1. Given the options C:Glu123, C:Glu152, name the one that is under 21 Å from the mean Cα position of the chain (by Cα), free of Cβ contacts under 8 Å to residues at least 24 places away in the same chain and not in a loop (DSSP other than H, G, I, E, B).
2. What's the number of the condition C:Gly151 fails, among (1) closer than 26 Å to C:Pro38 by Cβ; (2) open to solvent by 10 Å² or more (accessible area, probe 1.4 Å); (3) small (Gly, Ala, Ser)?
3. Given (1) modelled with pLDDT under 90; (2) open to solvent by less than 40 Å² (accessible area, probe 1.4 Å); (3) within 13 Å of chain A (Cβ to nearest Cβ), identify the lone condition not met by B:Leu147.
4. Among the residues of segment B:261-275, count how many are in a helix (DSSP H, G or I) and within 13 Å of the chain's Cα centre (by Cα).
5. Looking at (1) open to solvent by 20 Å² or more (accessible area, probe 1.4 Å); (2) under 28 Å from B:Met219 (Cα atoms); (3) of a type outside the set (A, V, I, L, M, F, W, C), which is the only condition C:Gly136 fails?
6. What residue, of B:Leu92, B:Leu53, is in contact with a Pro (Cβ under 8 Å, 6 or more places away or on another chain) and assigned to a helix (DSSP H, G or I)?
7. What do you reckon, is B:Leu250 within 12 Å of chain A (Cβ to nearest Cβ), of a type in the set (A, V, I, L, M) and open to solvent by less than 40 Å² (accessible area, probe 1.4 Å)?
8. In segment A:105-124, which residue that is open to solvent by less than 30 Å² (accessible area, probe 1.4 Å) and more than 7 Å from chain B (Cβ to nearest Cβ) is farthest from B:Val303 (Cα to Cα)?
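The values are calculated or read from the model by the stated rules, or taken from the named source; none is laboratory data. No experiment lies behind these values; they were computed from the predicted model shown. As a convention, Cβ positions derive from the backbone with ideal geometry for all residues, glycine included, and neighbour counts pool all protein chains shown. Please note that ligands, DNA and RNA were not included when accessible areas were found on the heavy atoms of the full protein model with its side chains. Shrake-Rupley method; radii C 1.70, N 1.55, O 1.52, S 1.80 Å.
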Amino acid sequence: MRTVLSIGVDAIAYGMVLFVITIGLSLTMGLMRIVNLAHGAFAMVGGYVASYATRSLGLDYAAAIAIAVAATVVIAAPIERLLYRPIYGAKDALPQVLMTIGITFCVVGIANFVFGPTLKTIPLPPSLSQPVDLGFRSIAGHRLFVIAAGSAIALGLWLLIERTEFGIKLRAAVDDTAMAAALGVRTQTIYTLSFALAVALAAFGGVIGAEMLPVEPYYALRYMVTFLVVVSVGGAGSIWGALCACLLLGAIDTSARYLVPDLGEFFFYFAVLAIVCFFPRGLFGRAP
Amino acid sequence: MAWNGALPNIRAWPDAAGIGSIALTILAGYLVFPDDLALLARILATSLLVVSLDLLVGFCGIITLGQAALFGAGAYAAGIAAVRGLSEPFSLLAIGAAAGGLTGLVSGAIILRAHGLAQLVLSIAFAQLLAETANKASWLTGGSDGLSGIAPAPLFGEFRFDLLGRTGYLFSAAVLIAVLAVLRAIAGSPFGLLCRGIRADPVRVRAMGVSVYPALLKMYIISGIVAGVGGALSAITTQVVGLDSVGFDLSASALVMLVLGGAGSLYGALLGTVTFMLFQHFVSAENPFHWLTLVGVLLIAVVLIAPRGLAGAARTIASRLVARWHPQASR
Amino acid sequence: MSALLRIERVSKNFGGLVASRNVSLALEPGDRVALIGPNGAGKTTLVNMIAGLLPLSAGRVMFAGQDIARVSAVARVRMGLVRTFQISRLFPDLTPREHLGLAVLQRQRRTGHLFRRFEAMAEVHREIDGLLAELGIEALGGRAAGALAYGEQRLVEIAIALALQPRVLLLDEPAAGVPQGETRRIVGALDRLPADLAVLIIEHDMDLVFRFARHIIVLAEGEVIFEGAPAVAANDPHVRQAYLGSYVHGRGRA
């Protein structure tokens, strides 16, 4: 019983980290029709900045998160303008794959050059590093924080997309970019804002997930596959699809690691093959 | 034949003269760099991987980041056979080809079910699954230590695969040339024509009454055979098979080599492989992270500046030169 | 006797939108039937259903006495039910010769051959030469299709369809997008179609329709509102109202 609960909490927390990092990727893929392999690189940049802010500047956790998110968005802005715009909506996915792998390689190489090849930690504040007593048992505070943050972001995004003017324009642009543009929606602005939001969420996820996905130079490559898999299983552009996919794959991965540690990865990829094979557009994917 | 001002179409696949000049270049490599034959042999084996990828990406428009699965299957199959006592080089090649072709059939059957992102993810997931299998089945594959103790028998019972790598290099060269000749024939065949049609517009092909999926699956098998031969060659000449031969890095590198040279052109695939691996050899030895940055910059540059790769850029430059020297010849 | 192609009470709904309602028609070998109607009348929807690209909501499509509801689009082509596209869909880098070669090879089930050179298949090239000559485009055989004029591309489309030796040919606006002066060559090509071929043509160019068709079906809002000889159609009040009427209205508003 104890194990089941702790596996469960870890699985949900892990799924939520995946969700926070990848939901931006899912939305931008749905909107801009871009296969973006470099998304994890922005999570990694966030992690590096937060580690630097806490370790070297002595800032507290909350400030480090804010700085990490802001810095990553600032770093990503020129990349979006110079490197992503030429490949939005390309009818062939190959240039997108190449460009974003190229960006990933550069980020990995530069991060190592600037910060060195070692693993970076982001110390948690005491309030999160201690277990929280829930009455019937106690749970690591950090796990609870991650789960809460993930839920809040899911809800917030849902409200943003369903209830705001930005959301209406966004959905219009997703459905039919040319039509939205003809109706006066400035799609380029929508693209830029969505990209910034996606990067900000990735950076946030990179920081709060550092306990489970440790920050190191190969981060962007190591988890590239996982992030793509999650988006592909969830179906690009669907919040609930992404959430379900993250929780499902988080559960499969975490429980496989606990229960059959020898075959952990094996189960994960097997499940991915099965799911993608039977739902080629993702669990909640839209018809093309 | 009289020079009529038209350039040979180097985006197309080479003719007999083209294959001859590739053979001469390889021979020149043997004579000029006798001390680096091991590296050169590795380049030849990798060329087969990149050429096999070109069959899918350049010829059919399938994007895969899991091509190492086919190469690794050939390498492990040949390696395991060699360790278990079958050491005749041509038999090992045949085993590698069979394993690659079979893996191509299975992975193609899965990967071709999807399109776009899902296709990419399936290709990665399949390769990772195979890599995990190779990692865990250490009793068979040597696991993370790699499979060692591969001792191929002398070629024709005569020429040893020695430390200098002369036999290995020449053997690899001969195999590569033979494969290129076969692929050239396929490129000019009705099936080659069909694949070009599928790459351009699968819907139109269906409206002509041709089913696309079986045709692509067939190409996947051919690609698997070519990659499998490359893997077997690498097992024979390096005499070890490691997890890197099925890894994501190799799949990604192969794609980089292909687009660097220019997808859709056999020369491009070869040019990309040689350029990339020589660079890698010298820069990567200095600092692997600088190497990674450099590859990243190269990729970005290829997309922004030379979408048809080195071969395409060379063609553009050559046609400009021709236009300058023979203004009347260029329309 | 059952017709070669028979469509029986076919309907198609997209959600709440009715694109076709209870449409029936039959084609015998040698028929020249035109399907006309204002934009949005459901003509292309009907062709897509016959070609197997869209499932039916109701009704049957019979080909040579067989219900082909479960026959894939590819298999329908192989049975001899061939369509052309409203907008030219050629492979831009391939030459007309290569396009026709693919079609001829498909008919002979030889597109999978790996070790025969396409260029050396003399009998295929003889047949291609014949087709190119028939459509008057011998000179274009070796040029990339993407570089051809639009009218020439339309002729290549027709040649491809003929290379498949169809029994029923569905022509989806063969003259669409072709400049006025160039339609003559398309009309000529249509006149020379094999006499025993059953042809269903969708076309907006009324000169072409009245010249080519011996039977006209008028669709409006998914329904057949007239069926009969061309001369009668031109004077039928329903047709005038649904077809020409909306046309005039459309002009008036523009």
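1. C:Glu152
2. (2)
3. (3)
4. Adding up the residues that qualify gives 10.
5. Failing condition for C:Gly136: (2).
6. Within the list B:Leu92, B:Leu53, the selection yields B:Leu92.
7. Taking the combined requirement at face value, the residue does not satisfy it.
8. Checking each candidate, the answer is A:Ile122.
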